[in-house]
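As structure tokens, the structure follows; a few thoughts come after it.
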Amino acid sequence: MYISTSTKKAIWGGVFAILFLLSGTFLLGKLSGYEAKVLIKNSLSGLNVLCNTIVLASASILALLLTLLGLSSTSNSKLKKDHYLHVMQIAQLDTVIFIVSLLSFLIFNLPITESDSIPPEWFTIIYYITLGVSAILSGALIVVVLMLKNTVVNIIKIVGLGMQDHPLAMNDDEKDS
């Protein structure tokens, strides 16, 4: 699978965000099971809001991609296959984020802190897993937004500004064949 330079930059932006978010966990130091249980209980509402926000953002982005495709296909400028492959990559990644966020929301709604059958030392593992999931989801959404921004900038350059020498715009020779 081909990954463009702008997509690689977007991925690095997401990786940086994940590392930034996870670095906060090291500031907390080592947690006991009881401390982790309290932190889970206090952070669950925020995690649910985060998952809801990511689900709504993902669904909105998918709808906006349809608008983008409509604009791309009705413009006077012809776009290369790479443009549509890039839009398809955004849609695929966004769909995965949508599904994982929705499943995470459902899992985060389980009343695990109320359970007496879970050993206290497991809460530390559960806490770090919830932090990891939220960091990965946030970073992945940042990747999608950066990829979408690059696509919008390309559309503006090709369709709005009429740049015929853009790498994603077909030149006259390619249109005729």
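Suppose we filter the stretch 63-90 for residues that are crowded, with 16+ Cβ neighbours inside 10 Å and at pLDDT 85 or above; how many remain?
Summing the residues that are crowded, with 16+ Cβ neighbours inside 10 Å and at pLDDT 85 or above in the stretch 63-90 gives 5.
Determine, yes or no, whether residue 37 is without any contact (Cβ under 8 Å) to a residue 24 or more places away in the chain and among the charged types (D, E, K, R).
So residue 37 does not fit the description; no.
Name the residue that is surrounded by the most Cβ atoms within 10 Å (Cβ to Cβ), counting only residues in the stretch 1-53 that are hydroxyl-bearing (Ser, Thr, Tyr) and not in a helix (DSSP H, G or I).
Looking at the filtered set, the residue picked out is 4.
Across the stretch 100-117, what is the number of residues that are open to solvent by 40 Å² or more (accessible area, probe 1.4 Å), of a type outside the set (A, V, I, L, M, F, W, C) and without any contact (Cβ under 8 Å) to a residue 60 or more places away in the chain?
4
For the stretch 92-109, indicate whether the set of residues that are more than 19 Å from residue 136 (Cβ to Cβ) and either of a type in the set (Val, Ile, Thr) or in a helix (DSSP H, G or I) (or both) is non-empty.
No: zero hits.
Condition first: among the polar types (S, T, N, Q), in contact with a helix residue (DSSP H, G or I) (Cβ under 8 Å, 6 or more places away or on another chain) and over 19 Å from residue 149 (Cβ atoms). Now tell me which residues in the stretch 16-72 satisfy that.
Within the stretch 16-72, 25, 32, 43, 48, 52 qualify.
The values are calculated or read from the model by the stated rules, or taken from the named source; none is laboratory data. Since the structure is predicted, the reported quantities are computational estimates derived from the model, not experimental observations. Quick reminder, even Gly has a Cβ in these numbers, built from the backbone with ideal geometry, and neighbours come from all protein chains shown. Just so you know, the surface numbers come from the protein's heavy atoms only, side chains and all, with ligands and any DNA or RNA stripped out. Shrake-Rupley method; radii C 1.70, N 1.55, O 1.52, S 1.80 Å.
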